[in-house]
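Asker: Mind having a look at this structure? Questions to follow.
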Amino acid sequence: MRKCRWLFLSLALLLAAALAAGCGNKPQEPQKEEAKEEDKLQIGLSFDSFVIERWLRDRDMFVSTAQSLGAEVNVQVAGGVVEEQISQIEYFIKKKMDVIVVIPIDGNALYDVLKEAREMGIYIICYDRIVENVNADLYITIDNEKVGTLMGEALIQACPEGGNIFAINGSPTDRNVDEVVRGFNKAIEGSNLNVVYTEYCDNWMAELAGNYVTQGLEVTKDIVGVMCGNDDLASQAVKVLSENRLAGKVAVVAQDADLAACQRIVEGTQEMTVYKPIEQEANTAAEFAVALGKGEDITSGEGEYKAVETFNDGTYDIPYYKIDPIAVTAENMDKVIIDGGFHTREDVYLNIR
């Protein structure tokens, strides 16, 4: 009798468990949530390094916008090592990302791995720097030729009587540098400015800029200006000029609107920097990345942004979206940088008493 009672109780428990499994949804919710996460659009974001101040802003703004649109972003940074960036993109391919957004260290070196990604059906966005001949799905950048034009115009205005200048350019493997140089040379053509010393800084290494300005000053100290590829390079150029008692006497122009550069401008040791609307670039790139991942036509779609222009990457005409830069001097620092929320007044004028 006791055995029958235990048998009946056991059968009742089994029946209750079966009913719970068949009718209840709660035990299955974690699995559904996990599947939901896996269904999210996946974006791989590959940076060359975070040495340049602006890239941290780009990362934060891109990730925030993409996440708000329901995508997940895997951020990788190569620390300036090409082989590491290739390895990280291979990881993106293995993880079957929907979109890869890349800020290349060396576009030529990334050709094979990005071509492989495209063949796997992954969309490619070249962010701020182009990878030639890979037929990317979008190239989004600041108007680099205009950046150079603004630099040249600033030097002409700062040095109306003309004179000798140095050109300390960025990395020779960065095609953007060619565009900046083109814009700069067009701007100073026909002026009384004369480029007497030119160098390129491999991998955007700021230390090289200091070395090159030192070497240039050994050729001649009779200079009125220095064009630097970015504000990080300008920091070392100004340091060397200061050591030679030329800081504030020689007009220095650069780009990126780094905090230290804005401080130098209001202090009088740097003439000008080019502010590039990073928030606009990062947010727009994230919008495009999500649209591509959803299979939308970004050249004529219904989204807020459309890539209506094309850019020849050496072989293909690819969708292109460019953003206008702004020249920043002491005169418009407050309006552009401070009122725009890029840096605070307290930080910019930190060393001004």
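The values are calculated or read from the model by the stated rules, or taken from the named source; none is laboratory data. The shown structure was predicted, so the numbers you read here are calculated from the model rather than taken from an experiment. So basically every Cβ, Gly included, is an ideal-geometry build from the backbone, and we count neighbours across all protein chains shown. To get the accessible areas, we keep the full protein, side chains included, count just its heavy atoms, and leave off ligands, DNA and RNA. Shrake-Rupley method; radii C 1.70, N 1.55, O 1.52, S 1.80 Å.
Asker: Pick from region 341-353 the residues that are under 25 Å from the mean Cα position of the chain (by Cα) and touching a residue at least 24 places away in the same chain (Cβ under 8 Å): which of them is least open to solvent (accessible area, probe 1.4 Å)?
Answerer: So the residue we want is 348.
Yes/no per residue for (1) touching a residue at least 12 places away in the same chain (Cβ under 8 Å); (2) assigned to a helix (DSSP H, G or I); (3) within 19 Å of residue 311 (Cβ to Cβ):
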{"position": "84", "(1), (2), (3)": "no, yes, no"}
{"position": "88", "(1), (2), (3)": "yes, yes, no"}
{"position": "135", "(1), (2), (3)": "yes, no, yes"}
{"position": "146", "(1), (2), (3)": "yes, yes, yes"}
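Asker: Quick one: is residue 245 assigned to a helix (DSSP H, G or I), open to solvent by 20 Å² or more (accessible area, probe 1.4 Å), modelled with pLDDT of 95 or more and not aliphatic (A, V, I, L, M)?
Answerer: no
Asker: Consider region 206-233. How many of its residues are closer than 16 Å to residue 151 by Cα and touching a helix residue (DSSP H, G or I) at 6+ places or on another chain (Cβ under 6 Å)?
Answerer: Residues that pass the stated criteria total 7.
Asker: Taking only region 46-58 into account, find how many residues are touching a residue at least 40 places away in the same chain (Cβ under 8 Å), assigned to a helix (DSSP H, G or I) and open to solvent by 10 Å² or more (accessible area, probe 1.4 Å).
Answerer: Result for region 46-58: 1.
Asker: Suppose the filter is open to solvent by less than 50 Å² (accessible area, probe 1.4 Å), over 30 Å from residue 331 (Cβ atoms) and either of a type in the set (Gly, Ala, Ser) or over 21 Å from the mean Cα position of the chain (by Cα) (or both); does residue 167 pass it?
Answerer: Against the criterion (open to solvent by less than 50 Å² (accessible area, probe 1.4 Å), over 30 Å from residue 331 (Cβ atoms) and either of a type in the set (Gly, Ala, Ser) or over 21 Å from the mean Cα position of the chain (by Cα) (or both)), residue 167 does not qualify.
Asker: Let me ask another. Which numbered condition trips up residue 228, out of (1) within 18 Å of residue 263 (Cα to Cα); (2) modelled with pLDDT under 95?
Answerer: (2)
Asker: Please go through region 202-229 and pick out each residue that is in contact with a Gly (Cβ under 6 Å, 6 or more places away or on another chain) and either part of a strand (DSSP E or B) or under 26 Å from residue 129 (Cβ atoms) (or both).
Answerer: Across region 202-229, the qualifying residues are 203, 204, 229.
Asker: I would also like to ask the following. If a residue must be farther than 30 Å from residue 81 by Cβ, part of a strand (DSSP E or B) and among the β-branched types (Val, Ile, Thr), how many such residues does region 155-200 contain?
Answerer: 3
Asker: Among the strands (runs of 3 or more DSSP E) contained in region 283-333, which hold 2 or more residues that are without any contact (Cβ under 8 Å) to a residue 40 or more places away in the chain?
Answerer: Of the strands (runs of 3 or more DSSP E) lying wholly inside region 283-333, those with at least 2 residues that are without any contact (Cβ under 8 Å) to a residue 40 or more places away in the chain span 309-312.
Asker: Out of all the residues in region 172-192, is one or more under 25 Å from residue 245 (Cα atoms) and buried (at least 17 other Cβ atoms within 10 Å of the Cβ)?
Answerer: No - not one qualifying residue is present in region 172-192.
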